[in-house]
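This report refers to the structure that appears directly beneath it.
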Amino acid sequence: MFKDVAFGQYYPTRSPVHRLDARVKLLLTLAYVVGMFFIKSYFGFILMAALLVFTVIVARLPILSVLRSVRGVMLIVLITAILNLFLVKDGEVLVHWRFITITSNGVHLTIKMVLRLVLLISGASLLSLTTTPVEIADGLESLMSPLKLIKVPVRDIAMIMSIALRFIPTLFEETNKLIAAQKARGAAFDSGSLFARIRAMVSVLIPLIVNSFRRADELAFAMDARCYNATDKRTKYKRMTLRFADLIAALLVLGTIVVVLLDRYYFASVGIYMDKLIFGGLV
Amino acid sequence: MSAIEIKDLSFIYSKGTPYQKQALKDVDLSVEEGTVLGVVGATGSGKSTLIQHLNGLIRIQDKKRGSVVVNGLDASKRKERARLRFEVGMVFQYPEYQLFEDTVAKDVAFGPKNMKLSKEEIDLRVRRALELVGLNYEGFAERSPFDLSGGEKRRVAIAGVIAMQPKVLVLDEPVAGLDPVGRRELLDLIGRLRREVSPTVLIVSHNMDDIASVADRVIALKDGEIVADGTPKQIFGDRALVESIGLEVPPAKRVADMLEERGIQLPPQIIDMDELEEALAALLKQKEGIADEAQTAEATCAEEGDMRSQDDSCAVCRKTPDEEGEDV
Ligand SMILES: Nc1ncnc2c1ncn2[C@@H]1O[C@H](COP(=O)(O)OP(=O)(O)O)[C@@H](O)[C@H]1O
Ligand SMILES: [Mg+2]
């Protein structure tokens, strides 16, 4: 169980996408997410969805692993969709029954909104599916390094981040062990009176906190003994280098986004023409 | 009557994910009441997974095939599993890290309280458990467990389990991280607990020397399967077997093997230091006898040289068995 947490959603397949530079993946994911808000036509959605599917295939991820992250927010998406459907009042009226009015514009806006949310979440989850938390932290540190100029302690923040990440699985493992140990002494976590349950929780929380302080102390001591010094220039064990594949990935994603932007601002008619062509009289 | 009856038990962690891991594979095990069973195996061989099935902490995955019954209580039935918690006392690795109350007495009382015993009974049990693990009740009851030494903390934690008076006691790596004296004391304590509280004891360890000195029977796990089952002598006396499991033979066995390589005949299957010492002493006496009878000065001299070298190795192995084993 702690392994799930240790690697986040990380799904190891050693694909070219996994091997991309974490910084590139971070920036491209950001670009993808921002680009999503500039889509106007169904044509644009098809382009972005195609890019997503292509990436999933190259990353050799099971499509289910991507959809799983969507499942978590499906309820919110549905509620927003239904509200949208009933609240948009302009455009051709399709259904009118008592106080309910559904218009063609409402339908289109709703479909587009659902598409946008689903693509957004899937796109973001691709990052965590193909990049370990440690890589993400390293990537963020590297991207934030210009902030050093305005005296932001980027190195300290990065060290804190990596230590926190490093100890999440340890804490989880320890919590599981403590729960097991106290259960073995009859602690009632999911049965019994409220008082008994609170006692059971306390029997896990107190040692967890005490042990964390002890561990933090030991870690600080060990870092000190190895002359850890956040101010000196430190080098990385794993150096991040840009490769040819990173360039290709960037061209692919940015190219798609450029087409989406062109579709919105310069060739709006093309997108709408394509929509008509694809969906016939529906649009 | 067998205290523990395990049939066809398999277990897979994170089933259906890329991290899937088969931790147990068709394990069959029957343990007689009154046995001290040693469970050995390399790290990751499934020892902890196996023992956590005994008190229902880990549910049986395939109930149609696998079954776990302890003293007649079936771990696959919900009601009986609840009773199993108190029938099987489980001392986890580094149990001192699970202490949480502000006094020793309260911490030891946690288990009995969860059993919903009367206040008098709880007090009685706490007192008895502390005395059993060798902590004076008056001296320790009101102290904070966080102020104790490592060895004392571990005793308090064990007392916390003993106070539930389980019929089966399971200890996962009970001597890990203790110094040699602490180790010896804890192993003696286990003998005492077996006589006074829990007739059946399971000890998990990857240190052969500890198991060799306390267990009546040993099972060895490898990759989730029981690959050997026998007396400590049968298992630890067989170097090829022990090494195939991914473990090291006890130091005494290593020294004995080295002596035999140099042509010194010893009784077979020596696995602990006391035995080795006795065997060497007997051998020396025998040699002295031969030397007395020997007539020529030459022979006596040769024997003496031989004897001195043996005597040396004996003295060395008694003082620093580990070093002797590794240096040579
Ligand atoms: N909670 C868990 N989740 C996933 N895998 C686990 C978990 N606990 C143990 N394992 C794996 O199962 C195998 C057996 O573990 P365990 O029973 O703890 O072995 P041992 O106690 O002999 O060291 C190991 O490979 C371990 O990595
Ligand atoms: Mg273990």
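The values are calculated or read from the model by the stated rules, or taken from the named source; none is laboratory data. Treat the numbers as computed from the prediction; the structure is a model and nothing was measured. Methodologically, a virtual Cβ is constructed for each residue, glycine included, from the backbone with ideal geometry; neighbour enumeration extends over all protein chains shown.
Here residue A:192 does not qualify as buried (at least 19 other Cβ atoms within 10 Å of the Cβ), farther than 14 Å from residue A:26 by Cβ and within 14 Å of another protein chain (Cβ to nearest Cβ).
For the stretch A:99-127, the set of residues classified as surrounded by fewer than 18 Cβ atoms within 10 Å (Cβ to Cβ) and small (Gly, Ala, Ser) consists of A:104, A:124, listed by residue number. Set side by side, the residues A:236, A:177 differ, and just one is more than 30 Å from residue A:51 (Cα to Cα) and facing chain B (nearest Cβ under 9 Å), which is A:177.
Being touching a helix residue (DSSP H, G or I) at 6+ places or on another chain (Cβ under 9 Å), away from every other protein chain (no Cβ under 14 Å) and surrounded by 16 or more Cβ atoms within 10 Å (Cβ to Cβ) holds for only one residue in B:140, B:86, and it is B:140.
When the strands (runs of 3 or more DSSP E) confined to the stretch B:1-92 are screened for residues that are acidic (Asp, Glu), assigned by TED's automatic domain parsing to the domain that holds residue B:129 and within 16 Å of ligand 1 (Cβ to nearest atom), those reaching at least 1 such residues are found at B:21-32.
Inspection of the stretch B:153-169 finds no residue satisfying the criterion of being within 16 Å of ligand 1 (Cβ to nearest atom) and over 18 Å from residue B:31 (Cβ atoms).
Within 20 Å of residue B:201 (Cα to Cα), within 16 Å of ligand 2 (Cβ to nearest atom) and away from every other protein chain (no Cβ under 14 Å): is that true of residue B:170 in this structure? No; evaluated as a whole, the condition is false for this residue.
Taken together, the residues in the stretch B:93-121 that are of a type in the set (S, T, N, Q) and either facing chain A (nearest Cβ under 9 Å) or within 16 Å of ligand 1 (Cβ to nearest atom) (or both) amount to 3. The residue that is farthest from residue B:4 (Cα to Cα), counting only those in the stretch B:176-207 that are modelled with pLDDT under 90 and part of a loop (DSSP other than H, G, I, E, B), is B:179. Of the set (1) within 16 Å of ligand 2 (Cβ to nearest atom); (2) over 14 Å from the mean Cα position of the chain (by Cα); (3) of a type outside the set (A, V, I, L, M), all apply to residue B:198 but (1). Among the residues here, residue B:72 does not qualify as crowded, with 20+ Cβ neighbours inside 10 Å and either of a type in the set (Gly, Ala, Ser) or within 8 Å of chain A (Cβ to nearest Cβ) (or both).
Residue-wise test of (1) over 30 Å from residue B:86 (Cβ atoms); (2) among the hydrophobic types (A, V, I, L, M, F, W, C).
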position	(1), (2)
A:128	yes, no
A:142	yes, no
A:149	yes, yes
A:158	yes, yes
A:166	yes, no
A:178	no, yes
A:199	no, no
